[in-house]
Amino acid sequence: MKQGLFCVFCIIVMVWVSGCQPATAVSITHPSATPTAVATVPPTATSTSTSSATLPPPPTFTAVPSSTPTAIPSATATIAATATAVPSPTPTSACDLRIPGDALDTVVTLQYGISRDYAPADLVSLNDYLPYRVTQGYPIEIRQPVVEPLVQMIEDMEAAGLHPEVLSGYRSYSAQSIAWAKWNEKNPETAAIVSAPPGHSEHQLGTTLDFGSPELPDLVGEEDIEFHTYFYMTSEGQWLLAHAHEYGFTLSYPREAFELTGFYYEPWHYRYIGVELATTLHEQGLAFTAYQLANFPEPCIP
Ligand SMILES: [Zn+2]
């Protein structure tokens with residue numbers, strides 16, 4: 001099966017339409033080791049009612065065939081080798097040295113990173129809990145505490161007639177390094193905007209997931225697309241927006257949270273934080289990062 005890319009850090013290719021209007025399209029095929037994708041243009045505010053298009057203007061991503069699949073040893077080697085030639089992903093602040101505990105509320109943004117040495121100790125294979133039709137065959141790992149609520153949510157979605165897909169879960173520091181290095185090679189000017197440096201991805205926490213929908217290809221007009229802003233218009237995307245909090249999941253990067261998270265709108269990216277907090281955020285219309293920065297102490301503790 002094809003090897004792909006991931007969401008946030010998936011490969012993306014910016015496309016500019018004449019007149020300087022950002023055209024966007026995201027297509028991503030992904031698998032395990034080589035994410036790449038980047039949102040192109042700052043997703044503008046919500047409304048759009050001008051042109052003939054019925055669909056809002058989203059960022060576009062183009063899948064980049066990756067040549068480095070599963071093998072982590074070799075992947076790591078590649079990274080190490082490339083690291084020097086690319087804008088350095090090395091720690092830039094005390095935050096990048098943080099090693100979070102098992103709590104579900106670790107702050108991870110473009111500003112606040114975590115150590116390259118951190119990897120959850122309770123990762124399990126999601127493929128042991130969800131059928132192929134949901135994982136699409138991708139090897140996916142998540143932390144144990146996320147399994148039960150996720151499986152319950154998927155079952156309820158299917159019972160409601162939906163066809164949810166889980167396309168990505170835990171991503172190691174090494175895997176993120178690879179994605180970051182590749183993006184910098186392709187487009188260094190925008191790498192910091194559209195991709196995440198290693199240590200700054202919530203996927204490293206093991207509590208974050210990227211969802212997919214079989215409706216996306218038709219909506220976007222690209223057969224192999226897996227991640228696109230239009231996900232919010234799919235039946236699965238809309239259901240998640242309305243119900244994910246009931247299972248403890250929250251949308252990490254809503255349109256309005258860019259200033260705080262440093263990341264553009266990602267309607268497919270959900271993080272598990274527990275039902276109580278997720279529900280509070282949902283009721284208050286608050287992004288998790290906004291809540292964290294307002295209620296938690298400065299995360300950069302050496
Ligand atoms: Zn994601």
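Couple of notes before you dig in:
- In this calculation the C-beta distance from Leu241 to Arg133 is compared with R0 = 25 Å, giving a FRET efficiency of 0.70.
- Using a probe radius of 1.4 angstrom, the carbon and sulfur fraction of the accessible surface of the range 227-302 is 54%.
- FRET E, pair Phe296, Glu223, Förster distance 30 Å, beta-carbon r, rounded to 0.05: 0.10
- Potential extension, Glu185-Ala160 segment - 0.36 nm per residue separation minus Cα distance: 4.6 nm
- The heavy atoms of His243 present about 60 square angstrom of accessible area, all protein chains included, probe 1.4 Å.
- Computed over the range 143-257, the quotient of the alpha carbon radius of gyration and 2.2 N^0.38 Å is 1.15.
- Computed from backbone phi with θ = phi - 60° and the Karplus coefficients 6.51, -1.76 and 1.60, the 3J(HN,Hα) list for the range 196-206 is 10, x, x, x, 10, 10, 5, 5, 5, 6, x Hz; x is used for glycine and proline.
- The label point for Leu286 and the one for Val151, both projected 7 Å from the Cα toward the Cβ, are 3.3 nm apart.
- Each residue of the range 259-276 was assigned a 3J(HN,Hα) from its phi angle through the Karplus expression (A = 6.51, B = -1.76, C = 1.60, θ = phi - 60°), giving 4, 8, 8, x, 10, 6, 3, 9, x, 9, 9, 10, 10, 7, 10, x, 4, 4 Hz with x at Gly and Pro.
The values are calculated or read from the model by the stated rules, or taken from the named source; none is laboratory data. Everything quoted here is computed from the prediction, not taken from an experiment. As a convention, Cβ positions derive from the backbone with ideal geometry for all residues, glycine included, and neighbour counts pool all protein chains shown. When the accessible area is computed, the model is the full protein with side chains, heavy atoms only, and any ligands, DNA or RNA have been set aside. Shrake-Rupley method; radii C 1.70, N 1.55, O 1.52, S 1.80 Å.
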